[in-house]
Amino acid sequence: MSSPRFRVAVCGGGVGGLTLAVALSRYPDLQVDIYERARSFSEVGAGIVFMLRPFKVIRKLGKKLEEALLGKLPVPFSEESSTGFRFRKSDQPEGETLFDMVIRGSLINLHRADFQGVLLDNLGPNVKTHTSKRLHSYSQSDDGTLANTLAFEDGTTATCDILVGADGVRSAVRAKMMQDLARDPTSNSSGEMRALQEYLACIEPVFSGVIAHRALIPAEKLRAVAPSHRAFGGVYTWVAKGRVITTYPVSMGKFVNLAANSLDESLMRSAHSIDANHHQRYDGDWVKSITKDDFLDKFEGMEKEVQTMLDLIESGNAWVINVTKNLPTHVHGRVALLGDAAHAMTPFLGSGAGQAVEDAYMLSELLGDYRVTLATLSHALTVYDEIRRPFSTNVARLSMENGFTAGLQSGTPISDMEERVNGAWSWAWETEIDDSMDEARKLLGKRLGA
C-alpha cells in the first residue's frame, strides 16, 4: 500500500466530524483518523433539521448516503415548494395562526442518532475511528515542515499532517488555536489582526441567553388524547413573548420532537460580541434532566395545544445554549475548525448542523483537490477560511435575529413578521453552495499558481 498524500486527524465524531470523514472517504489517497472523546459514537440531543441547501450538499456525498437518509423520513422528499414552518401566536388559551412559511424543498427532519448511524455506515476504508480519545492539546512546527502532534488526556499521542477541530462548542482545538494566536498575532493568515485579549476571549463559549427544554413525546400517547393535534402535520413554531417552541415528527412518526426555548433578550444581544471585556457565562450544569412540571412552569399560559403536549412529557433535558464569539479566523497553520467549534449558534434557523455539513464539504473538496500537497496544505485552509467564515458568521447573526423576531422581542409588528422571518431564512433554499465552491476553487488555483 502506497503512502497517503497526507494524513487528516478529525477531533470529534459528531455531525460535522463524521460528515467530513464521509466526504474525505471519496479520496483514497488521504488517510483519515477520527478521535471521539466518548466511549462510543452516540449523538446527544433529539431532532435535527436540514433545509434544501445543506441537503443538496449531502447528496453530493453519494447516492447510498442520500437514500439511507431519505429512508428515515416519515414523508417522501420533494424539491417543490411546500409549507415549511407553521407559525402560531400561542400566548393565549386559544392560539391563532400567524402564517405558513412557504419554502422550496421538503424539510428534512431526522433523529440525530439516525443521522449519525447513517454517516458511520458510509465511512470509507481510508477512515479509522478511535473512541475514548479526549484531546488535551496539540503542537505544530512554526514552519509547517513537521507533523502535528496530538496529546490526549489518557496520556497517548498521535501525529497528523492536518488537524480538524470538530469538537463542539467546548472545543479544545479552538482553545489551543486562540492561545497560539495570542502569543503571535502576526501568524493569523486571515489578516484580521486582534489584540491579545481578543483572541483569549474567544476560547470559552458564551451563554447565549437561550435555554432549550427538549423532549420526545410518543406519538401514540398524543394521538390517544388529541387525534387531530397539529403537531402531527409538520413543523410548527409556537411563539410567545420570550418563548419559542418548535415541534415536528421524527423517527418515521413514532415521536414528536419538542424544543421549547426560553429567551433572555439582553444576554442574546451581546452573545456574539467580539468585545474582549464582555463575557457572559452560565453558572451551573449545561445539561440537566427536568420533569414535566419544569416544562409546565416555564411555559405556563401558552395555548391549549401546547399544554396538551407538555402534559404528556415524562422527562426531558434543559440545554443551556452556548455560542462562540465571532472568531478572527477558523484556521491557523495546519489546523482548522468546523461546525460548533468554529461558529456555535442559536437554534432559531435550525441551521447549526447544516452549516457543519457545508463546512465539511468545502474543506473536503479543497483537501481532496489533486493540486494540494503536503507543502501547499496551508493554501487550502486559508481559502476555506476566507470563503466559509463570513458565510457561517452571517448565518449565526441571522439566527439570533430570527430568535428576537420569533420571541416577539424585535419590535416587529405582527403584520410584518412573515416578511422578516422569510428574509432571514430564504438563503437556505434560494442559494446553493456551488457558487461558493467555484469561488474557492478559483482562489485555490491562484494561490497555487495554477
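Once backbone amide H atoms are built at 1.01 Å from N, residue 159 has 150 as its partners under 5 Å, excluding neighbours fewer than 5 places away on the same chain.
In plain terms, the residue of 417, 400 with the fewest other Cβ atoms within 10 Å comes first and the most crowded comes last, giving 417, 400. The angle between the Cα long axis of helix 172-183 and the main principal axis of the chain comes to about 60°, on a 0 to 90 degree scale. In this structure, residue 99 and residue 75 have a Cβ-Cβ separation that, at R0 = 25 Å, corresponds to a calculated FRET efficiency of about 0.70. Calculated FRET efficiency, residue 308 to residue 447, Cβ-Cβ distance, R0 = 60 Å: about 0.55 to the nearest 0.05. Taken over the alpha carbons of the range 153-249 as equal point scatterers, the Debye sum produces base-10 log I(q)/I(0) values at 0.11 Å⁻¹ of -0.65. Compactness of the range 1-154 is given as radius of gyration and Dmax, 20.0, 68 Å, from Cα positions. Per residue, the convex hull spanned by the Cα atoms of the range 78-161 measures out at 271 cubic angstrom. Within the chain, DSSP assigns beta bridges of which about 70% are antiparallel (rounded to the nearest 5).
Orientation-averaged projection of the range 52-102 equals 4.9 nm² [convex hull of Cα atoms, one quarter of hull surface area].
Using just its DSSP H runs of length 4 or more, each adding -39500 (n - 2.57), the chain gives a mean residue ellipticity at 222 nm of -10500 deg cm²/dmol after division by all residues. Extension gain for residue 3-residue 137 works out to 45.6 nm (0.36 nm per residue, less the C-alpha to C-alpha distance). Rounded to the nearest whole Hz, the Karplus-based 3J(HN,Hα) values (6.51 cos²θ - 1.76 cosθ + 1.60, θ = phi - 60°) of the range 56-72 follow the sequence 5, 5, 4, 4, 5, 8, x, 5, 4, 5, 4, 5, 5, 6, 4, x, 8, with x at glycine and proline.
Whole-Hz Karplus values for the range 19-26 come out as 4, 4, 5, 5, 5, 6, 4, 6 Hz, taken residue by residue from phi with 6.51 cos²θ - 1.76 cosθ + 1.60 and θ = phi - 60°; glycine and proline positions read x. Multiplying each eigenvalue of the alpha-carbon gyration tensor of the range 269-387 by 5 and taking the square root yields semi-axes of 40, 18, 12 Å, largest first, rounded to whole angstroms. Compared with the dominant Cα axis of the chain, that is its longest principal axis, helix 112-121 is turned about 30°. Amide H contacts under 5 Å for residue 336: 163, 164, 165, restricted to partners 5 or more places along the chain or on a different chain, H placed in the peptide plane at 1.01 Å from N.
Its Cα gyration tensor gives the range 313-450 an equivalent ellipsoid, and the semi-axes of that ellipsoid, as √(5λ) in whole Å with the largest first, are 33, 18, 12.
Angle of helix 352-368 to the longest C-alpha principal axis of the chain, folded into 0 to 90 degrees and rounded to 10: 20°.
Computed over the chain, the alpha-carbon pair-distance distribution with 20 angstrom bins reads 25, 58, 17, 0, each value a whole percent.
Bear in mind that the values in this text are calculations on the coordinates, not laboratory data. Note that the structure is a prediction, hence the values are computed from the model and not measured. When we count neighbours, we look across all protein chains shown, and the Cβ atoms used for this are built from the backbone with ideal geometry, even at glycine.
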